[in-house]
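Following: one structure in structure tokens, then a few remarks.
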Amino acid sequence: EFWAWYSQSGMEKIEASPEPEDIGNPSSNITREACMNMFQLYDIDGNGEIDKAEFADIIASIGFEWSAEKCESIFNRLGSQEDGSLRFREFYAWFSSGQDFVGFERKKNLTDVILEPSAIDERKIFVRGFPWRARESTALKYFQNRCGNITEVKMIPWSRDGTPSGRCIVTFEDKESVEKAMPLHRNRMGKRWLEVYRVNEGDREEVHKVDRSKHGALIGIRGSRVKEMQAESGARIFFETHPESVMVIKGRDKERARAWALAQAILANDVVDTHLVEQPLHGRLIGAGGRLKKQMEEESGAHIVYRAEQGSRPRCEICGPEPSRRRAWQLIQAKIWECLHTEEERFPMDTKFHGTLVGKGSVVIKTLEEQSGARIKLSKEEVEIDGKQSKGVMICRGDREQRARAHELAQLMIKELPPLLGEMRDEDLGLGSLGALPMSGKQMWTQAVEEAMQRGGWEKRSSEDDAKAGEEADKAGDEMLLL
């Protein structure tokens, strides 16, 4: 069909025909960035897509008086999303072609909508996400208290009916205030968050799919890596796992490009080592509140994840540079060795003594664990131990020496603490106003524990002892690695 048309001089007819008069093509003098700024301005909910009403708003705002039927017809032709929405990529392809604008007169200049960058833009921010009832005073109070003095706040209503939209343009007295406002992007306000963008600088979000398992490597220990990427690139970085795992980068074009390049470099250099670790050990390797796992991560510089998905064997994944991965696995192996070579022993401990063994702010039980090296848990369960019924137990986990040491120290605390605390309270009350400032409950318990240990002839373990124990654990880890 094409050849038949061409052989009948179809191309010659086109070349000989006069060019149509470009009366209203709005794309002839704007850049892609300017078009993105306009699209973003009318994308009310900020999801990167526009609906039919928002499409009609854009057409009206750039000066074309099209009927609702014409707007709907074009939108239906362009919309490719299942929900009938239109993404920027399709919108810009259509808008830049100018096909549907030929022969239509524009009622106002496009610069009424898309302003050329000017010096004052450096002091402006575009904000989206305030409640629709918000007024100028709301934005003024929110940003002035956090960023700096404001010269003007202009609310942007919905152009189709003039009702408030929760969007505004804020103008500050200086550029420094704009930079202070940037960290407020995605700042939570109840169930919603604010979006804060620079004006006419191509400031926006871009989304990259990054598997959730890689998020930890990009975030780093206590957010160290993501902070470094943000400082070096100038962009803001966010991670989301719902509805899909993504990395969101917000900033100017160069900032976003630099941040993504840094992220790709980290992912390329960070190898993941996988080790089989039985699931019953996972909890003990993570520790209460994740403290043990965090300690290992901080000491090694690697990111540690324990997985036990259905259909696959339980494992430990270590991500980071090679020296960090090696050190993390040494620490994990040392802890595994400790777990496999320790036992649990139950000692009868009536519930009436539990309060004494816990102490104010858990000062007593922490001391028992620190001084014995055992893990201790108090339970109210009624059990029979060595033929005797007990209305409570003290569960100690550790080697034989650690368990015996914990039980012996617990007996000492039960014997010495009650009279010591009574003496200290009486002395504190007797001195009255003549004494120094009264001790807090925790201070009193701490002092009583130290004195009880002295009376019992116990030598308190020092930091040097803990360091020596740590070296022994490291040595055990090295031996495991060699094996």
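The values are calculated or read from the model by the stated rules, or taken from the named source; none is laboratory data. As the structure is a prediction and not an experimental result, all values here were calculated from the model. Every residue, glycine as well, gets a Cβ built from its backbone with ideal geometry; the counts of neighbours run over all protein chains shown. The accessibility values were calculated without ligands, DNA or RNA, using every heavy atom of the protein model including side chains. Shrake-Rupley method; radii C 1.70, N 1.55, O 1.52, S 1.80 Å.
Just a few scattered comments:
- Normalised by the number of residues in segment 154-312, the mean separation of alpha-carbon contacts (under 8 Å, six or more apart) gives a relative contact order of 16 percent.
- Average accessible surface area per residue within segment 142-293, 1.4 Å rolling probe, Å²: 53 Å²
- Of Lys294/Lys335; Lys366/Lys415; Lys141/Lys227, those spanning more than 24 Å from alpha-carbon to alpha-carbon: Lys141/Lys227
- Entry comment: accessible area of segment 304-427 is 54 Å² per residue, from protein heavy atoms only and a probe of 1.4 Å.
- Full extension of the segment from Glu244 to Lys180, taken as 0.36 nm per residue of separation minus the current Cα-Cα distance, would add 20.0 nm.
- Qualifying chymotrypsin sites (Phe, Trp or Tyr not before Pro) in segment 223-287, where qualification requires a DSSP coil assignment and no more than 10 other C-beta atoms within 10 Å, are lacking entirely.
- Shape of segment 283-429, Cα gyration tensor, a/c cut at 1.5: prolate
- Dipole-positive endmost among Cys316, Thr367, Phe347 within segment 314-379 (Cβ charges, Cα centre): Cys316
- Anisotropy class of segment 336-400 from Cα gyration tensor, a/c 1.5 cut: oblate
- Counting protein heavy atoms only, segment 252-397 has 49 percent of its accessible area on carbon and sulfur, 1.4 angstrom probe.
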